[in-house]
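The values are calculated or read from the model by the stated rules, or taken from the named source; none is laboratory data. Just so it is clear, the structure is predicted and the values come from calculations on it, not from any experiment. Positions of Cβ are generated from backbone atoms using ideal geometry, with glycine treated the same way; all protein chains shown enter the neighbour counts. Just the protein is used for accessible areas: all its heavy atoms, side chains included, with ligands, DNA and RNA removed. Shrake-Rupley method; radii C 1.70, N 1.55, O 1.52, S 1.80 Å.
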Amino acid sequence: NQKGTRIIATKGAPEAIIACSTLTAAEVQKINTAIESMSKEGFRVLGVGVSEFLVKEFPKTQQEFSFVFKGIIAFYDPPKENIKTVLDAFYNAGIQVKIVTGDNAETTSTIAKQIGFRNPENTLNGDELMKMDDATLKQKVMETTIFTRMFPEAKLKIMEALKANNQIVAMTGDGVNDGPALKAAHIGIAMGQKGTEIAKQAANLILIDDDLSKMTDAIAMGRKIYINLKKAIQYI
């Protein structure tokens, strides 16, 4: 600020900021009640905190800052209008669909139900995933449909576990956090409009207009080419 005081501002998962804040049990309960009611309506919820920084050296981890919890922000990111049709096309084509997101389980499940996503109750969060051994994770990724509170390392582990199960993995993403997973997937698909430069560079394919329905067209064309090749080779 004008006095030369360093102010550390933060936004992110409310529970992560609460863990670094000086709040009473009653205040935490009040915040969690508000978060729960907003999440059930499908809102994405962020916590906001601030810390006055009085020493010269930054701590080794951001969790070492002591934050004053300022409040929560809720915003609605509506599903695309054609997403139900796209999902049905994927399911009919025999493709498994999984949601991998930084949002919490409540918000994601609410949105998933709205768009006709199958088995939205099978969820797993990032912290739980990181504690699993490889054998457990290998089994869990096949039966889990929604992965919540994910961060780059957790997303990468999902890709590796699916590949270990001999799955062909296509991953869509638009953020910096998606970079490692996009790179690790067999087919990384970045968003052309919303996508960050890092996501685009890590991907094999870029959807110019961010329209997922183009993926169903691409899969159909790819399968047609594959069948035609097989027929030609058999004939020869």
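Applying a DSSP loop filter and a limit of 14 other Cβ atoms within 10 Å to the trypsin sites (Lys or Arg not before Pro) in the range 188-236 leaves Lys194.
Extension gain, Asp88-Ile8: 0.36 nm per intervening residue step, less the Cα-Cα distance, totals 24.3 nm.
Looking at the chain, what % of its DSSP beta bridges pair antiparallel, to the nearest 5? Just about 50 percent of them are antiparallel.
Spin-label model, Gln96/Glu160: points 7 Å from Cα along the beta carbon direction are separated by 1.8 nm. Nonpolar atom fraction for the range 135-223, defined as the carbon and sulfur part of the 1.4 Å probe accessible area, stands at 56 percent. At most 13 other Cβ atoms within 10 Å and a DSSP loop assignment: could you name the trypsin sites (Lys or Arg not before Pro) in the range 46-138 that fit? Here the trypsin sites (Lys or Arg not before Pro) that fit, given the DSSP loop and packing criteria, are Lys56, Lys60, Lys80, Arg118. Under the rule that an exposed site lies in a DSSP loop and has at most 13 other Cβ atoms within 10 Å, name the longest stretch of the chain with no GluC sites (Glu not before Pro) of that kind, not counting the sites themselves. Within the chain, the longest run free of exposed GluC sites (Glu not before Pro) spans 122-236.
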